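The values are calculated or read from the model by the stated rules, or taken from the named source; none is laboratory data. On a predicted model such as this, the values are computed, not experimentally measured, just so you know. As a convention, Cβ positions derive from the backbone with ideal geometry for all residues, glycine included, and neighbour counts pool all protein chains shown.
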Amino acid sequence: MSPKYSFIIPIYNEEETILEMYRRMSAVMDRMDGAVELILINDGSRDRSIHLLRDLHDQDSRVCYLSLARNFGHQIAVTAGLNFARGQVVVILDADLQDPPELIPDMVEKWKQGYQVVYAQRTQRRQEGWFKRFTAYSFYRLLKQLADVDIPTDTGDFCLLDRQVVEVLNAMPERNRYIRGLRSWIGFRQTAIRFERDPRFAGEVKYTFRKSLALAINGLVSFSTVPLRISTYVGLLAAIASILMALLVLYWRIFVPNSPLTGFTMVLMAIFFLGAVQLVSIGILGEYIGRIYEEVKGRPLYTLAEVGGFIRQQTKV
Ligand code: UDP
Ligand code: MG
């Protein structure tokens, strides 16, 4: 019998949070009106996380786990969970209890009202540094300006998805997965539920600055071609500026006896400026071409080292 509710939680070095997370999740799961499964995805943790997952699975038949063969990143770990989830309703949460499980019944309530996507929107981030809050705040607003789809601001991956939506997501072959973007892109009836984001229960943030930056660039590049157009615009501006400069230089050369064209200052400035513009443009192009290359290679999204608790084990990844 397949469960009605699936809960997906990616785990990367979360030995300090897993037991508390399980305690709070099982309190919520006990109150659900149907069979549940808790899918924990070990994203190549280096600590004792995988042992804890095995133990939980032994104790509680509702707990299933997947273990990726290395660290593939949060978005891919969630994708693996979505591939294996069997419930009619799937909820994605973080392991560190920043996404309070107690909100799930409210989300399910919205689902019962007919919404197929219920995403949680942060009204406040408690106890996160000003740098993180500032960069996140700016990024989500920039993304909203640039993206082709309307990606709601201040939403993370904490959401409820209907089976129909999960099927659509699973059918999407793309490798550079920015789940909160894909979730907006697919459409269906969506609604938000507001919440205050709690501080991390224990342990350190697993999203290093580098990972967050990579995720942000991925979000922008996957959902907008505006950066490509920026180089075109800058190029056009530079072309206009160069015509004006050429006229000015000719004027100076012909009509001004002691022209200010002495020294290399101007030449050097022009070279550096145009060099920088060109390098940035090539970089932007590279971001897109690199992604084309990733897609074309067609490698599987992840490799699985271990699976626990799925009776009908899927081989397709
Ligand atoms: N995570 C993961 N793989 C990674 C990084 C993070 O599966 O490479 C998981 C992590 O265990 C947690 C969630 O993604 O469940 C969110 O990570 P974190 O709390 O560190 O980031 P935040 O979203 O709070 O900045
Ligand atoms: Mg967190």
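Among the residues of region 29-69, write down those that are in a helix (DSSP H, G or I) and not hydrophobic (A, V, I, L, M, F, W, C). Across region 29-69, the qualifying residues are 30, 49, 51, 54, 55, 57, 58, 59. Among the residues of region 110-120, just one is within 20 Å of residue 182 (Cα to Cα) and part of a helix (DSSP H, G or I), namely 111. If you check residue 167 against the conditions, is it over 13 Å from the mean Cα position of the chain (by Cα) and part of a strand (DSSP E or B)? No. Applying the condition of being of a type in the set (D, E, K, R) and not in a loop (DSSP other than H, G, I, E, B) to region 193-202 and asking which residue is farthest from ligand 1 (Cβ to nearest atom) yields 194. Taken over region 70-109, the residue count meeting the criterion of being in a strand (DSSP E or B) and within 13 Å of ligand 1 (Cβ to nearest atom) is 1. Would you confirm whether or not region 143-150 contains a residue that is surrounded by fewer than 16 Cβ atoms within 10 Å (Cβ to Cβ), of a type outside the set (Ser, Thr, Tyr), modelled with pLDDT under 85 and in contact with a strand residue (DSSP E or B) (Cβ under 9 Å, 6 or more places away or on another chain)? No, the conditions are met nowhere in region 143-150. Contact annotation: residue pairs with Cβ atoms under 6 Å, 6 or more positions apart or on different chains, pairing a residue in region 115-135 that is modelled with pLDDT under 80 with a partner that is assigned to a strand (DSSP E or B) and not basic (Lys, Arg), are 124/196. Starting from residues that are more than 21 Å from residue 46 (Cβ to Cβ) and among the aliphatic types (A, V, I, L, M), keep the ones in region 206-232 and report whichever is surrounded by the most Cβ atoms within 10 Å (Cβ to Cβ). Here the residue is 220. Of all the residues in region 175-215, those that are β-branched (Val, Ile, Thr) and either within 16 Å of ligand 2 (Cβ to nearest atom) or at positive phi (or both) number 3.
Would you say residue 31 is in contact (Cβ under 8 Å) with a residue 40 or more places away in the chain, away from ligand 2 (no atom under 16 Å from the Cβ) and touching a Ser or Thr at 6+ places or on another chain (Cβ under 9 Å)? No; evaluated as a whole, the condition is false for this residue.
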